[in-house]
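**Q** Dropping a structure here in structure tokens format, bear with me for questions.
FYI, it's all coordinate maths here, none of it is from the lab. Note that the structure is a prediction, hence the values are computed from the model and not measured. Quick reminder, even Gly has a Cβ in these numbers, built from the backbone with ideal geometry, and neighbours come from all protein chains shown.
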Amino acid sequence: MTKTSFKNDLNEAIHLSAQALFRTGVIDKATMRDFEEACLSVTPSITPQNYNPAATRTPFSAPRPSPRISP
């Protein structure tokens, strides 16, 4: 499953207008697909097969020893 989102606010407004035109029959399905391709960005979802938590961790160096305080 993929998540669909708009590339920016302008593309969202354009797409909503195109949807209204499509519902009223002013534009056809092929034109609506062109608008969707231009306005939407598809983000692939994470599945267990392509998820690697080790790759997302930031490697840390060894902690520094605390400075010795002489009495």
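**Q** Taking amide H atoms as placed 1.01 Å from N in the peptide plane, list the residues 5 or more away in sequence, or in a different chain, whose amide H sits under 5 Å from that of ILE27.
**A** So ILE27 has HN proximity to PHE22.
**Q** Moving on. Among 15-22, 26-33, 42-49, what's the highest-first ranking by average C-beta atoms within 10 angstrom per residue? Working shown, then result.
**A** On the way: 15-22: 14.6, 26-33: 11.5, 42-49: 8.4.
Ranked from most to least packed, the peptides come out as 15-22, 26-33, 42-49.
**Q** Still on this structure: How big is the Cα convex hull of segment 2-47 in projection, averaged over all directions, in nm²?
**A** Average projection, Cα convex hull of segment 2-47: 3.4 nm².
**Q** Follow-up question, since we're still on this one. Arrange the following residues from fewest to most other Cβ atoms within 10 Å of their Cβ: PHE35, PHE6.
**A** By the 10 Å Cβ count, ascending: PHE6, PHE35.
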